[in-house]
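Shown next, in structure tokens, is the structure this report addresses.
Read the figures in this text as sums done on the coordinates, not as results from a lab. Values in this document were obtained by computation on a predicted structure and should not be read as measured data. In this analysis, Cβ positions are derived from the backbone assuming ideal geometry, glycine residues included, and neighbour counts consider all displayed protein chains.
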Amino acid sequence: IATTIVLSAALLAITACNSRSDSFSPQPQLPASIGLDGVVSDGPVAGGTIYAMSPEQLAAGLADVVPGHELHDALTASNVIGHPRDVDDADQYSIDLPARLAGRIVFLIFDREGAEDLEFGDTPPYLMSIAVLGDAGSRQRINITLHTTIVAQQLWAQIDPDGDGNVVDDGQLLALLQAAELNALGAFGRDRVGRDLDRKSTRLNSSHMSES
């Protein structure tokens with residue numbers, strides 16, 4: 001009996017030590033996310049949902065959609081999680097993307113379902129933007145406007161030029177992005193009487209397109 005009591009006490013002591021060890025063991029650290037902040041504007045726009053899609057997700061999920069046309073059904077049917085916007089945030093948005101997308105080009109697509117143009121009181125158009133994401137833990141300002149939409153639609157039309165499901169790589173997309181920016185600047189880079197604006201002050205930044 002005495003031996004049994006000693007063994008039982010020893011087992012209880014080991015169990016207690018293991019429990020204390022488990023309770024104080026460090027928890028695995030999740031990779032830091034990548035934050036994006038900015039405005040949605042065709043005039044200030046409140047509500048709606050923002051989808052962040054890699055080129056591969058865009059080509060697979062929206063292959064049959066014409067850029068700039070009805071997107072809501074295709075977006076909701078895709079496997080991409082949307083980021084609903086709080087109407088109390090007015091034209092501002094803030095989302096966090098997974099660290100695995102660090103360094104990638106992503107398309108930001110604004111779904112206008114449930115949104116309102118605060119200036120005109122009507123439904124805004126679908127809007128898009130492009131982001132070249134930074135490192136995990138970083139935050140970038142990415143505005144989503146008519147200007148960035150023109151750039152993004154040009155790039156969207158070229159991500160799978162042969163329509164065979166093979167998406168061009170990010171290096172090629174970056175070169176296409178720079179060309180699309182210049183095309184958009186040609187559309188917006190003149191004042192009301194047709195004079196060229198200063199390209200240095202109006203050129204979009206390909207890393208975050210935050211000046212539009």
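What ranking do 73-80, 58-65 get when scored by the average of other Cβ atoms within 10 Å per residue, highest first?
Working: 73-80: 14.2, 58-65: 16.2.
Highest to lowest by the protection proxy: 58-65, 73-80.
Based on the mean of other Cβ atoms within 10 Å per residue, sort peptides 84-90, 107-113, 156-162 so the most packed one is first. Don't jump to the answer; show the numbers that get you there.
Working: 84-90: 13.6, 107-113: 23.0, 156-162: 15.4.
Going from most to least packed, we get 107-113, 156-162, 84-90.
Sort largest first and round to whole Å: the equivalent ellipsoid semi-axes of region 23-164, each the square root of five times a Cα gyration tensor eigenvalue.
On the way: eigenvalues 132, 84, 37 Å².
The three semi-axes for region 23-164 are 26, 21, 14 Å.
Could you work out the percent of alpha carbon pairs in region 98-170 separated by over 19 Å, rounded to a whole number? Present the calculation step by step, with values, prior to reporting the outcome.
On the way: 1272 of 2628 pairs.
Across region 98-170, Cα pairs with separations above 19 Å total 48 percent.
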